[in-house]
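Sharing a structure, written as structure tokens. Questions coming.
The values are calculated or read from the model by the stated rules, or taken from the named source; none is laboratory data. All values derive from a computational prediction rather than experimental measurement. Cβ coordinates were reconstructed from backbone atoms using ideal geometry, including for glycine residues, and neighbour counts include every protein chain displayed.
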Amino acid sequence: MIIGIVCHPTYGGSGVMASELGMALARRGHKLHFISHDLPFRVPPAHPNTSFHQVDVTSYPLFKYPPYTLALASKLGAICRQENLDLIHVHYAIPHAISAYLCRQILNSHRPRIVTTLHGTDITLLGIDSSFYEITRLGINESDAVTAVSESLASETKTRFRPDHKIRIIPNFVNLETFHPNLRSAKLRERYGAPSEKLLGHMSNFRSVKRVRDVVRTFHRLHRDIPSRLLMIGTGVEVEPARHLAAELGVSDRVEFLGPIPNAGEVLAQLDLFLLPSEYESFGLAALEAAACGVPVVATKTGGIPEVVKDQECGLLCDVGDYECMAAAASSLLRDPERHARMSDSARRRAVAMFAEDRIVDEYEALYRDVMSQGSSGRKGSNGSEG
């Protein structure tokens, strides 16, 4: 198949997952076209069966804000004509599903199928804003198939938007070789801390919904009891506030901000514990990648996180904002090597059993075949799990 992947290129779960899916499909022989305003974070500049198309937005005094949705729709139309795309898979309903819908209206013939994957804030934040509600619902309903990355998100979408067709639940996946416990090494670990110290970590796009300062507060409480260090992976608006809080709490010498890194699996595998205190997560891809490395997770019980992190089995869950609970949970786990080892093993086994790349990519391929076999009205009855 000839497939277009539309995603945000930034350091976050939706862009990472779209990139990883596209690369996996390319390895299976499909022709992949990535379309965005910048090269997605995990897509290499050159790779067999892949192309990147940059969306340029012309600045014009009439517009207070550049009309990216329209520029993307126009770009998609041109790519469809040039490359004969069979299918456009958009990640995020706003603005991507609408741009794909407009693209299809532009074309007189060979109109591609549209698959929309919902990742979270397009539903929980943007979609429920009165300015975007109707257009979000239109994007969902005009797609040939819609997927959500968790049961939680599918249920929330059904409740809030009452879509005209079923939502297929296809979770995020992890490359089990890129994220593997065997990447742990004493030599690499020594770059970040002494053998006697525990190593904690957090990885995100550092938006306010990630509650990054709660990571620092949790670490501050924990460090008073257990010699430890904290690695912060990623970039975003909350980096500097987190850095300032670390200085204010007197732990800045033990907190290292690594920025966005290409070899996240190598760093995650060195951790003893992963912290994810988010206000909301539709899935929690970073937690899955840590778990695949055999790292137990201490996180908040919100959204789709409990579907990824089984409480008391693969990690420990606390209420949102309760960093005292997170610090106590982390301390109790790090002080019990046998329990920590059991959770480490369970985290890896769950990642292998539930979220392996091959298994999830098989589901996407099956969905694509289903969508391609349907007529134009097929979007009203896509098969699969219903949210």
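Each row is one residue, and each column tells you yes or no for (1) modelled with pLDDT under 90; (2) over 30 Å from residue 197 (Cβ atoms); (3) acidic (Asp, Glu); (4) assigned by TED's automatic domain parsing to the domain that holds residue 18.
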residue	(1), (2), (3), (4)
70	no, yes, no, yes
77	no, yes, no, yes
93	yes, yes, no, yes
100	no, yes, no, yes
133	yes, yes, no, yes
164	yes, yes, yes, yes
168	no, yes, no, yes
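If you check every pair at least six apart or on different chains, which have Cβ atoms under 7 Å apart with a residue in segment 81-109 that is touching a residue at least 12 places away in the same chain (Cβ under 8 Å) and acidic (Asp, Glu) first and a residue that is surrounded by fewer than 20 Cβ atoms within 10 Å (Cβ to Cβ) and in a helix (DSSP H, G or I) second?
Close Cβ pairs (under 7 Å, with a partner that is surrounded by fewer than 20 Cβ atoms within 10 Å (Cβ to Cβ) and in a helix (DSSP H, G or I)) amount to 86/372.
What number of residues within segment 13-58 satisfy the criterion of being more than 23 Å from residue 205 (Cα to Cα) and among the hydroxyl-bearing types (Ser, Thr, Tyr)?
3
Kindly indicate whether residue 208 is touching a residue at least 24 places away in the same chain (Cβ under 8 Å), more than 30 Å from residue 372 (Cα to Cα) and among the hydroxyl-bearing types (Ser, Thr, Tyr).
yes
Quick one: what pairs do we get from segment 330-348, first residue within 17 Å of residue 184 (Cα to Cα), second polar (S, T, N, Q) and assigned to a helix (DSSP H, G or I), C-beta under 6 Å, 6+ apart or different chains?
none
All but one of (1) touching an Asp or Glu at 6+ places or on another chain (Cβ under 7 Å); (2) under 17 Å from residue 22 (Cα atoms); (3) buried (at least 19 other Cβ atoms within 10 Å of the Cβ) hold for residue 88, so report the exception by its number.
(1)
Give me a count of the residues in segment 222-247 that are assigned to a loop (DSSP other than H, G, I, E, B) and within 25 Å of the chain's Cα centre (by Cα).
So the count comes out to 4.
Here is a further query. Between 73, 24, which is closer than 21 Å to residue 173 by Cβ, in contact with a helix residue (DSSP H, G or I) (Cβ under 8 Å, 6 or more places away or on another chain) and either of a type in the set (S, T, N, Q) or in a helix (DSSP H, G or I) (or both)?
Just a single option satisfies the conditions, and that option is 24.
Any idea which of (1) part of a loop (DSSP other than H, G, I, E, B); (2) outside the structural domain of residue 269 (by TED's automatic domain parsing); (3) among the small types (Gly, Ala, Ser) is the one residue 366 doesn't satisfy?
(1)
Pairs under 7 Å by beta carbon, first residue farther than 22 Å from residue 77 by Cβ in segment 21-37, partner modelled with pLDDT of 95 or more and acidic (Asp, Glu), six or more apart or different chains?
Matching pairs, first to second residue: 24/357.
Please determine, by comparing only the residues of segment 42-60 that are of a type in the set (Ser, Thr, Tyr) and assigned to a loop (DSSP other than H, G, I, E, B), which one is nearest to residue 29 (Cα to Cα).
58
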